[in-house]
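Q: The structure follows.
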Amino acid sequence: VLFRSVAALIVVLSVMNGFQKEVRDRMLSVLSHVEVFDSAGSLPDWAALARDAAKHPEVRGAAPFVDGQAMVVRDDVVRGVMVRGVLPDEEPKVSAVASQMRAGSLRALHAGEFNIVIGSALARGFGLRVGDKLTLIAPQGQLTPAGVLPRLKQFNVVGIFEAGHYEFDASLVFIQLEDAERLFRLPGPSGLRLKIADMQRAPEVAAELGASLPGDLVVRDWSQQNRSWFAAVQTEKRMMFIILTLIIAVAAFNLVSTLVMTVTDKQADIAILRTLGASPPSIMKIFMIQGALVGMIGTAIGVSLGVLVALNIDVIVPFIEQLLGIQFLPRDIYLISALPSDLRWPDVGRITGMALLLAFLATLYPSWRAARVRPAEALRHE
C-alpha cells in the first residue's frame, strides 16, 4: 500500500505540474512577460522607453501595444472582444502569435487599411474566413447633432491565429497599432510589452524596472495579470497533495497493524530474548529497524515506479488509449489532447521525506509495545 500511495502522489503531482506548465506556456505565447504603462494612459515616446528597458540584462525584446475593449458584429451576432493594436514587425519580439497563424499573416496588418487578425474560436463562431468583413464597435461615443453614437468601423479579416487557449482564441483580436489609436482616440500606444530571458524571474525583473525606468510608470508581470487563475491552480495542487498524503498515512497505519500483529505473534521469542538479557530499549530498537526497513523499501519502490511512470506518461497513456479504444482527453472538448507531465525533483524529495517520516512514526507504538512484554506472562502458556 505504501509504494502504491507514493507512486500515485508522484504521478498526480507531475501531471498537475504538466497541465499548469502547458496552460501557462499557451497563455504566455499571447501575453507578455512584463508590461509597462504610463499613468497618463499612453506612451507617445515608446521607442525611448524601449531603449531604457533594454538596458536591463534580462530584457530580450520590446514592442508597443494598444489595449481596448470593443464589440464585433456580423449579421445578427454580437460578441465582446479585447482589441490589441500591434506593430507586425515588432510583435514577434514579445509573443508567438506570428508563428500561430492558421490562415493569413500577421504582417498583413498595414496602417490605414483597417485589417484584423482574429482567433480560431471567434472565426468558427462567426463563420469567418480570410477576406471576410467584420464590424468593430468602440465603446467611446461620437458626439453628433442626434446625440452620442457609438463609433463603428468595418475591418477586413486578413489572418486567423490559434493559441490553443480558448479565452484568447475566442475573445482576442489584433489590429495595426495606428488603426487602434484612431479607433480608441489615443495619442500613442497604451504601453510597452517586454519579453525577458527567464519568465520565472518576471516579478523580480518587473520590480527592478519599476525602480529604474524614468517617469511615473506602472510595471506589472504575467503572474499579476492572471493572479486568480494561478492562485486557484496552486490551491488545487495543495489540496491534492493533502488528499494523497492521507493515502500515505493510511499505508502507515497498515504498517502499524502489521507490526502489532508481529509483536503479538512473537511474544514468546521476545520473552526468550528478555530472559537472555536483552534490555527493553534493544527490543524496541529491533522492531523500529524492522518497520523502518519496510518503510524504506516501500518508499524506494514507490518512488522508482512513480518517477518511471511520470517520465513515460506520454507513451503509457497513448498505449492504454489504443488498447482500450478510448480517448481520455477528446480533442473536440479539451484544449489539451495529450496528458502532460512535468516531473519536479523537489516534489519527489518532499514526498520521499514525508513517506519515510510517516513510516518511522508508525514503528514507535508497536516497538514500545514489544519493549513492554513481560517474559513470565508471555511464557506462561508456552
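Q: Can you send over the carbon and sulfur percentage of the accessible area for region 217-257, probe radius 1.4 Å, protein chains only? Spell out each step's value before the answer.
A: On the way: 1660 of 2410 Å².
Answer for region 217-257 is 69 percent, counting heavy atoms of protein chains only.
Q: Here's something else I'd like to know. Pick from 135, 245, 275 the residue whose mean-square fluctuation is largest in a GNM of the chain, springs joining Cα atoms under 10 Å.
A: Looking only at 135, 245, 275, the largest GNM fluctuation is found for 275.
Q: What ranking of 221, 67, 75 comes out by heavy-atom accessible area, probe 1.4 Å, highest first?
A: Values: 221 5, 67 50, 75 135 Å².
Sorted descending by solvent-accessible area, the residues read 75, 67, 221.
Q: Related question: Scan around residue 266 for amide H atoms under 5 Å from its own, H built in the peptide plane at 1.01 Å from N, and keep only partners 5 or more places away or cross-chain.
A: Those qualifying (amide H under 5 Å, at least 5 residues apart or on another chain) number zero.
Q: Could you tell me what percent of the accessible area of region 14-137 is made up of carbon and sulfur, with a 1.4 Å probe and every protein chain present? Don't skip to the end; give the middle numbers.
A: Details: 2580 of 5200 Å².
Solvent-exposed carbon and sulfur of region 14-137 make up 50 percent of the total.
Q: Which pairs, out of 55/93; 133/195; 21/237; 195/237, put more than 21 Å between their alpha-carbon atoms? Could you put the intermediate results ahead of the total?
A: Working: 55/93 16 Å; 133/195 33 Å; 21/237 13 Å; 195/237 28 Å.
Table pairs above 21 Å Cα-Cα are 133/195; 195/237.
Q: Check residue 61: other-chain or 5+ apart residues with amide H under 5 Å from its amide H, H built from backbone geometry?
A: Hits under the 5 Å cutoff: 195.
Q: Which three extents, in whole angstrom, do the alpha-carbon atoms of region 151-209 cover along their principal axes, largest first?
A: Reported extents, whole Å, longest axis first: 42, 32, 16.
Q: Right, next: Within 10 Å of each candidate Cβ there may be at most 16 other Cβ atoms; applying that plus a DSSP loop requirement, which GluC sites (Glu not before Pro) in region 178-273 survive?
A: Passing sites in region 178-273 do not exist.
Q: Follow-up. So who's got an amide H within less than 5 Å of the one on residue 119, skipping anything under 5 residues away but keeping other chains? H placed 1.01 Å off N, in plane.
A: 161, 172
Q: Note down the relative contact order for the chain as a percent, whole number, built from C-alpha pairs under 8 angstrom at least six residues apart. Mind dumping the intermediate values first?
A: On the way: 650 pairs, mean separation 104.1, N = 382.
Normalised by residue count, the contact order of the chain is 27 percent.
Q: Right, next: Only helices at least 30 Å long along their own axis, judged from Cα atoms, and with Kyte-Doolittle mean hydropathy of 1.6 or greater: name those in the chain from DSSP H. All intermediate terms of the calculation are to be shown ahead of the outcome.
A: Working: long enough: 2-28 (39 Å, 0.75); 227-265 (57 Å, 1.14); 280-311 (46 Å, 1.67).
Those that clear 30 Å and a mean of 1.6 are 280-311.
Q: Through the Karplus equation 6.51 cos²θ - 1.76 cosθ + 1.60, θ set to phi - 60°, convert the phi angles of region 117-127 into ³J(HN,Hα) values in whole Hz; use x for Gly and Pro.
A: 10, 10, x, 5, 5, 5, 5, 5, x, 9, x
Q: With θ set to phi - 60° and the Karplus curve 6.51 cos²θ - 1.76 cosθ + 1.60, what are the ³J(HN,Hα) couplings of region 67-73 in order, to the nearest whole Hz, using x for Gly and Pro?
A: Whole-Hz 3J(HN,Hα) from phi for region 67-73: 10, x, 9, 7, 10, 9, 10.
The values are calculated or read from the model by the stated rules, or taken from the named source; none is laboratory data. Model, not experiment: these values are computed from the prediction. Every residue, glycine among them, receives a Cβ derived from its backbone with ideal geometry; neighbour counts consider all protein chains shown. Surface accessibility is based on the protein's heavy atoms, side chains included, excluding ligands, DNA and RNA. Shrake-Rupley method; radii C 1.70, N 1.55, O 1.52, S 1.80 Å.
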